[in-house]
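Enquirer: Once you've had a glance at the structure underneath, I'll fire off some questions.
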There are 2 protein chains.
Amino acid sequence: MGFWKSLFNGSNGSSAPTLVSVNGSIGPTLAIAKNGRDAKSASSKITFSKDRDIDLYELEELCDAVGWSRRPIRKVKKALKYSFLVVSMWEHRGSYRRLIGFSRATSDHTFNATIWDVVVHPDFQGQRLGKALMKQIIKELRREDISNITLFADPHVVNFYRDLGFMPDPEGIKGMFWYPNFR
Amino acid sequence: MGFWKSLFNGSNGSSAPTLVSVNGSIGPTLAIAKNGRDAKSASSKITFSKDRDIDLYELEELCDAVGWSRRPIRKVKKALKYSFLVVSMWEHRGSYRRLIGFSRATSDHTFNATIWDVVVHPDFQGQRLGKALMKQIIKELRREDISNITLFADPHVVNFYRDLGFMPDPEGIKGMFWYPNFR
C-alpha cells in the first residue's frame, strides 16, 4: 500500500488515479476518474498484467497512437515470446477492457535486464500512469533478483526515467548502438 | 575470406594473427604466432565457438585475469543458459585448448540485442583479437536478423567499440542504469 500512497500522494482529484482495494492481475488495482472526453462515464479501474497473450492488433493500435513506426505483427509476436518480462496496463470500464500501456524487458534471467517499448496511450498520459507502469516492471525485475536494470532513453524522456531512479551514463558508461555504415 | 583479410591486412608478423585454411567451430580459424613468454612454443590457432557448454571455472579464471569481480558460478551458469548468444574464443596449441575470450548477448530474438561481458585475456590483447571476437558476435547477431545491436561501454573502451561501428548516444539516446537509491 505504501508504494501507491507515495506514488500518488493520496490525491482524489479527477485526473489523478487513486487506490482502490480490488485485486488486479499483478499489484493493486487503481480507480481512475477521467476528465476530458469521457467525463460523463463512470470511474474506471486500471490494472497491470504480466500475461503476454496480448491482442497484437490492439498493441499495434497503442503504438500507432504515440506515432511509432509499424513493425510486422509476426516479429512483434516473436519479440514478446522471447522477452523475459512483459507488463501491460489496462483500463477497465464495466466489462470493457482496453490496453493503455505496455513495456517489456529482455534479460539473461540473472544479472542484466534491458527495458524496451515503454508506451502509455496519449489519453492516459499526464496522470502518472507511465511512472506506475515503470514501477511495476522494476518491481517485477527486482522480484526476479535481477541486479542490473538498464534502458535506452530518448532525449525527451531522460528526466522521466531519472525521476524513477535511472542514472544516465553512470561512471561514464556509454550506451552505444551499432550502425553498419558508421565509422 | 574478405572479412579476415580486411581485419588483419594479411600481416604475417609475430604478434598479429594470420588466416589459415583450417575450419573453426564458427568462422575461419586463425593461426597466431605469439611472442612474449610463449615464444619458444609452436604457432597456435585461434577459433571461435557458439557452444555455451563452457567450463565455468575456466571462464571465471579468464574474468579474474582482467580484474572483474567474482560472480557466483550458479548465477553465471544461469546467465549463459538464458543468453541469446554466447561467443567464446579459444587458443589451440597441439591438443591443448585454452579459453582466451568471451562475449554474450541478451535479446528478444527479433529486434534488439545487448552485448555483455566482452573479455579478452591480457596475454592476447593488442593483437586485434578483441575486434575479431566482436566482429564474430555482430556477424552472428546479423545472421539472426537482429536489427538493433546495443551495448554499454566503459569509458576506456568507447573508442574500441566506435571503431567497430558502434555510435555513442545516437540522436541523443541515453543509456541509463537503475539505482534504487539514486534521485
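Enquirer: What order do you get for A:Arg70, A:Arg128, B:Arg142 when you list them from fewest to most C-beta neighbours inside 10 Å?
Expert: A:Arg70, B:Arg142, A:Arg128
Enquirer: Return A:Glu144, B:Glu91 ranked ascending by Cβ neighbour count within 10 Å, so the fewest neighbours appear first. Don't skip to the end; give the middle numbers.
Expert: On the way: A:Glu144 14, B:Glu91 22.
Exposure proxy ranking, most exposed first: A:Glu144, B:Glu91.
Enquirer: Right, something else. Report, for B:Tyr82, each distance to the same residue's label point in the other copies, shortest first and in nm; define the point 7 Å along Cα→Cβ.
Expert: Ordered by increasing distance: 1.6 nm.
Enquirer: For a label point 7 Å from the Cα of A:Glu171 along Cα→C-beta, name the residues of segment B:159-183 whose backbone N is under 16 Å from it.
Expert: Backbone N within reach: B:176-182.
Enquirer: Provide A:Glu60, B:Glu140 in ascending order of the number of other Cβ atoms located within 10 Å of each residue's Cβ, fewest first.
Expert: Numbers: A:Glu60 15, B:Glu140 21.
With the fewest neighbours first, A:Glu60, B:Glu140 line up as A:Glu60, B:Glu140.
Enquirer: Next question, about the same structure. Less than 19 Å apart at the alpha-carbon level, and either on another chain or at least 8 residues along: which aspartates and glutamates does that give for A:Lys139?
Expert: Hits, sequence-local ones excluded: A:Asp51, A:Asp108, A:Asp117, A:Asp163.
Enquirer: Select the chain B residue whose beta carbon lies nearest to the rotation axis carrying chain B onto chain A, and write the distance in whole Å.
Expert: Nearest residue, distance rounded to whole Å: B:Gly175, 1.
Throughout, read-outs are computed from the coordinates displayed, never taken from laboratory work. Just so it is clear, the structure is predicted and the values come from calculations on it, not from any experiment. Every residue, glycine among them, receives a Cβ derived from its backbone with ideal geometry; neighbour counts consider all protein chains shown.
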